[in-house]
Number of protein chains: 4
Amino acid sequence: MKTMKAWVLGNPGELTLVDKPVPRPGTAEVLVRVDATAICATDLEVISHGPPAVIGGEPPFNKNFTPGHEYMGTIVEVGPTVDEFVVGERVAVEIHAGCGRCERCRQGMYTSCLNYGRNYGEFNKGHRANGFTTDGGFAQYAVNHTNTLVRVPDHVSDEVATLIVTAGTAMYGLDVLGGLVAGESLIVTGAGPIGLSAVSVGKALGAHPVILTDIVDSRLQVGTRVGADVVINASKENVVNAVKQLTNGRGADLVFECSGAPNAVNDAIHMLKRGGRVCLGAFSNTPSLVDIGHVVTNNIYLYGIRGEGQSAVRRAASLIAQKKLDPSPLHTHTFPFDQLPKAIQYFRDKLDGAIKVVIKPQELRD
Amino acid sequence: MKTMKAWVLGNPGELTLVDKPVPRPGTAEVLVRVDATAICATDLEVISHGPPAVIGGEPPFNKNFTPGHEYMGTIVEVGPTVDEFVVGERVAVEIHAGCGRCERCRQGMYTSCLNYGRNYGEFNKGHRANGFTTDGGFAQYAVNHTNTLVRVPDHVSDEVATLIVTAGTAMYGLDVLGGLVAGESLIVTGAGPIGLSAVSVGKALGAHPVILTDIVDSRLQVGTRVGADVVINASKENVVNAVKQLTNGRGADLVFECSGAPNAVNDAIHMLKRGGRVCLGAFSNTPSLVDIGHVVTNNIYLYGIRGEGQSAVRRAASLIAQKKLDPSPLHTHTFPFDQLPKAIQYFRDKLDGAIKVVIKPQELRD
Amino acid sequence: MKTMKAWVLGNPGELTLVDKPVPRPGTAEVLVRVDATAICATDLEVISHGPPAVIGGEPPFNKNFTPGHEYMGTIVEVGPTVDEFVVGERVAVEIHAGCGRCERCRQGMYTSCLNYGRNYGEFNKGHRANGFTTDGGFAQYAVNHTNTLVRVPDHVSDEVATLIVTAGTAMYGLDVLGGLVAGESLIVTGAGPIGLSAVSVGKALGAHPVILTDIVDSRLQVGTRVGADVVINASKENVVNAVKQLTNGRGADLVFECSGAPNAVNDAIHMLKRGGRVCLGAFSNTPSLVDIGHVVTNNIYLYGIRGEGQSAVRRAASLIAQKKLDPSPLHTHTFPFDQLPKAIQYFRDKLDGAIKVVIKPQELRD
Amino acid sequence: MKTMKAWVLGNPGELTLVDKPVPRPGTAEVLVRVDATAICATDLEVISHGPPAVIGGEPPFNKNFTPGHEYMGTIVEVGPTVDEFVVGERVAVEIHAGCGRCERCRQGMYTSCLNYGRNYGEFNKGHRANGFTTDGGFAQYAVNHTNTLVRVPDHVSDEVATLIVTAGTAMYGLDVLGGLVAGESLIVTGAGPIGLSAVSVGKALGAHPVILTDIVDSRLQVGTRVGADVVINASKENVVNAVKQLTNGRGADLVFECSGAPNAVNDAIHMLKRGGRVCLGAFSNTPSLVDIGHVVTNNIYLYGIRGEGQSAVRRAASLIAQKKLDPSPLHTHTFPFDQLPKAIQYFRDKLDGAIKVVIKPQELRD
């Protein structure tokens, strides 16, 4: 049995680099040699508290579990019945492989799979969420269902390819907002990786104006680089008033909330014109005060999204392949595989302007 | 100039019965002789505080304004260009006639009209919301745009016909929840007129089970009469747990929140299965604490609705005409026109089991 | 190895009763003891020409293939990982189990699976369409994916339960027409089992009026029994003119074409009001002349459906369980299992008023 | 009363330049000084046969009617209640102002207005379709409802601005195909102005690949200039086979039929993969043979569109303002106003490579 290097989760917050068997792909699965893995804020959550909202799930601590869900690599083996991909192809991943058996999967809502986390035991439903409920990309190899793979365009580096899933999540957020965003005013609140991706995808699809809010000027500057028409520092201005002024007093068509700030949802609904829509792509750990009366009397719709969906990752990859979308400004740092703790520190503390920090699982210091 | 009796709003909370000119229908409008008008909780709001969320609106006090928006009657005159209706037809009303000129009206979202309340002055956009921003049905006559009229089936009494708009609002709520409710589990929270209508419309369209929650047993009993499969007294049971148990532990497909209780939205999202949807049809005057993390990690969508929309009133009227829907259990009391204050008292204080209380504008005591 | 009686297809049109091994359920599958199987017009097509439009498919002749796709029965064994159903439950079937791996399945469009027919060989994608590409219900036992099962309400007989999938197909047709059919005028062309089911499902959901056309008066009489408001004999009247007259000269909102008559599509588009919609649920073997100019200048949409979809069978079963829908008038004849050829003759030639003819696979003459 | 020069329609095919009163804008209308008007194939149809499919319409001959529907200009007067636009703004037009009173308008489907053509007589419903049922742009001035106006970006010439409505029609076609076209394969059949616009809008929104078919090589070359990834000459190749080869044998996701060729619809449905969709934007004057069986067994949807809709012209204008879309390659010729017959000849006979031919109503030879 072949072995590989992989980071595994011990007690909450503890990651250890170990040797682990290389997994084998089953039916409809492939083995990916992981070439690059980015760190996401949700990884920090998983490492500290376990994956959010796993139905019937057990905490993942001290179970030899490998986190990491934003990765890309090269197919080195295909499992039985796979002809969708061949060995040697470069692929990026999306996270969720639904069970294919529950009501939601049958509706095409595979990210809302009712068997989330059930890929174990007697009634294994086959759901996979790599880095959440099944082993992820902080390892040299990973197994992926073919549904969770998209091809990486040749001109895209390994590091940038880890951001395809982020772009796909942003695109999915615009899908649930109705999809027809050309000429619509779009407010993105929060200039983290999802928010910055929402700006660039929104621009690629013709939203106008695209207005970005955050409290960190350097992040807002990156927002301008990826296409924001206007940026607003929420620590210096009243963002609701500012958006109203920029939208002829009526408010915006669409808000994509990516900050998770406590007041973000309530601000979002007040930024909208009547009949506007909010996508909720982030959250804090405490409940938020929301003016429901404003929601009702203004016909506002709010859409929570759990990551990507509706094959949006594939569509985002196509925009990147066509050079209509370029996630590269979001990638700031790369570390060797065995420096994951340092990479996490840079990401978490935003050291040296870090946005997306990537490790290279095939690179070990010696 | 002919005159009529009409109630007008003085200072907040003050209604006076006066003589007022009978209005004249303009282009695309008709004059309705009002035969019956029901009292809605929003009327109390309008009378005390003015209509909610009128963009650019002025308070309606001491302006000779007549409230009342749930009425029916008989067409006695048609304005220029009207051949959609003829004199003598019995009609019930919906509330909103959009401007037909703003983005929302062009999308068919006439209840979200961006010119809400602008039917005055130099730039009169023609929006009407009778009983909110234009004179309503606490009067012997009212003018209505043809868009706000539906025919009343012969077998339906005047009193019951005032409830067609309520049924239409309930139907619209199910529309925004996706419309395909047959076989879906539907929770209705709050057994007021909208909630009870949601139960009966949900049943008519095949939702199953339909579960109703409230804190008043007598209201829950009416819920059973209009078709609720299960009723839960929220003051005696934990409704979230109860709903989970009744739905195999997974939660419901749909929640229609009609209570406006402070915790109602947060309870609603926790009653749902992953990927479930909430329609918000009621609200309190203070912000509510909402667990946004639960919304995001469970792909929940929330839809605020401001009254009816999408011609749902017409569709509800068709179900009533076909005897698939019967709002009559909601009508409990009728008073003569000049007893409006007493009628309001019965409605507001739920005296004698009052649910829908109706006045008859053609009936004066002498 | 246990054996069972099963009909198998030899040369085109040749069915033989043989002994065959009882199949074994795989992962996510169950074994159904078939209690009743109805005959569908598509069965005749499969038996004579093979299943329509199987991508990359081979003709099914002389391959020990068992047709029959409208069946119900009792679960006698569950395969690995199955806890959605237990042994002893009565179930009816839907036809299509998608591969879960192609674009369409990921969108929830499992009846449009791009791997239709690929459940064999090295790259077996797991698609199943029992009675089309995998063994069906003209046998004493059949294997079904759990996705293709719905529970049968207690009060529904075996014979009537075979019609649940037909009702589900009709419901799916109304789904693609927009779903919100209450108060909409619906024309059903063709009074075969799907057409008659469309009438009864349309009525259950509140369509009004529901108008049925056919050329056989006895079928139209059944249409009246299942709820048609008006029936038109197309051999005696010009159906386009008749529908126009019945719809105030404007035409209908919706047409569900179930006749497959050569002129049916062209008639359908001319029956509609501007902006109307057609569902195509039947077809003849030759191309039809269609006035495309009328389609374009009247904003008409046409939707082809290949059987059921979107879990409509489950929703139809719920309506039947609630007694809002009753398919029993469609069932006319029952024969023992070994009289399948006679049953087919009755069905095909409409002998003795036959509509739905059922065989009972557990009943042999001796 | 001021007069203007205008072309009017006499007998079929006869256009005469006359003096006519300058029209006055009514409520919600403006007066546009027409600066440029393009010729559309539908203009030729109107001039020869009258507007297609006008409900209850009379032929427009010898009624002093002015055709022309693709124009732009400058607002010189605003009617009562108009504050959406001010005098001096450059505007392009869309065609349809719905009545705002019928079922379709209330649904937001204003191009399917059931009162199409009824802007005359006692029951004038206010519908306008300039150049079809109300006076159009082959004149020095025209009246437009504010709903039919979009602002022209500064960097866009008068001539190119006449093409905004064409781009809007193409965008609307993609809307009805689902809107989420990024990464989807799109076949455009017919390289006329709508087809070429469909190519460029499809590319702007990220469709890939975009394949254009026509029988004229010079038109296909323009297709390449506006972004087609592949072009196919249908007179030299079997387009169905070619598309299949270019799409891995499975067929395309979407077809936008813009040729009106007799076999175009049947070819379109055979170019698609299962579950694919066709937008019908053109038609010939004779019915077409369509393989309905293929439509049904492959779950194909077809959508007829009558021009633009859903505010798509405004969204297209936004893409042009953002320089994501450039219709200028379609404009080939400009003539003075009094040379309309010559302009028509160039357009109709495709003289000198003519695609879009424009006249300048403010320019007279002397």
Legend entry - Per-residue mean of C-beta atoms belonging to partner chains within 10 Å, peptide C:281-293: 6
Inset, instruction - Please list, or write none, the aspartates and glutamates whose alpha carbon is within less than 19 Å of the alpha carbon of D:LYS350, excluding same-chain residues fewer than 8 places away. - result: D:ASP43, D:GLU45, D:GLU70, D:GLU159, D:ASP214, D:ASP217
Inset, instruction - Pop the C-beta distance of D:ASN11 and D:VAL76 into the FRET formula with R0 = 22 Å and round what comes out to the nearest 0.05. - result: 0.10
Inset, instruction - With runs of 4+ DSSP H residues as the only contributors, calculate the mean residue ellipticity of chain A at 222 nm using -39,500 (n - 2.57) per run, divided by the residue total and rounded to the nearest 500. - result: -7000 deg cm²/dmol
Inset, instruction - Just tell me how shielded B:174-181 is by partners: mean number of partner chain Cβ atoms within 10 Å of each residue's Cβ, no decimals. - result: 4
Inset, instruction - State, to one decimal in nm and shortest first, how far the label point of C:LYS350 sits from each corresponding label point in the other identical copies (label point: 7 angstrom along Cα-to-Cβ). - result: 5.0, 5.8, 7.5
Inset, instruction - With springs connecting C-alpha atoms under 10 Å apart, model chain B as a Gaussian network and identify which of B:GLU122, B:GLU14, B:GLU257 has the largest mean-square fluctuation. - result: B:GLU122
Legend entry - Calculated FRET efficiency for the pair B:ARG151/C:ARG225, C-beta based, R₀ 30 Å, to 0.05: 0.55
Legend entry - Cα-projected label distance for A:TYR120 with D:MET1, points at 7 Å along beta-carbon direction, nm: 8.6 nm
Legend entry - Under 14 Å, Cβ to Cβ, from A:ASN241 - net charge with Lys/Arg +1 and Asp/Glu -1: +1
Legend entry - Hits among lysines - C-alpha to C-alpha of D:LYS203 under 22 Å, sequence gap 8 or more where chains match: A:LYS203, A:LYS323, A:LYS324, D:LYS244, D:LYS273, D:LYS323, D:LYS324, D:LYS356
Legend entry - Among B:GLY276, B:GLY293, B:GLY98: highest mean-square fluctuation, GNM of chain B, C-alpha pairs under 10 Å: B:GLY293
Inset, instruction - List the lysines whose Cα lies under 17 Å from the Cα of C:LYS360, skipping any in the same chain that are fewer than 8 positions away. - result: C:LYS5, C:LYS342
Legend entry - Candidates C:GLY168, C:GLY260, C:GLY202: whichever shows maximal mean-square fluctuation once chain C is modelled as a Gaussian network with Cα springs under 10 Å: C:GLY260
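Here, each number is a calculation from the coordinates, and none is a lab measurement. A quick note: this is a predicted structure, and the numbers were derived from the prediction, not measured. Every residue, glycine among them, receives a Cβ derived from its backbone with ideal geometry; neighbour counts consider all protein chains shown.
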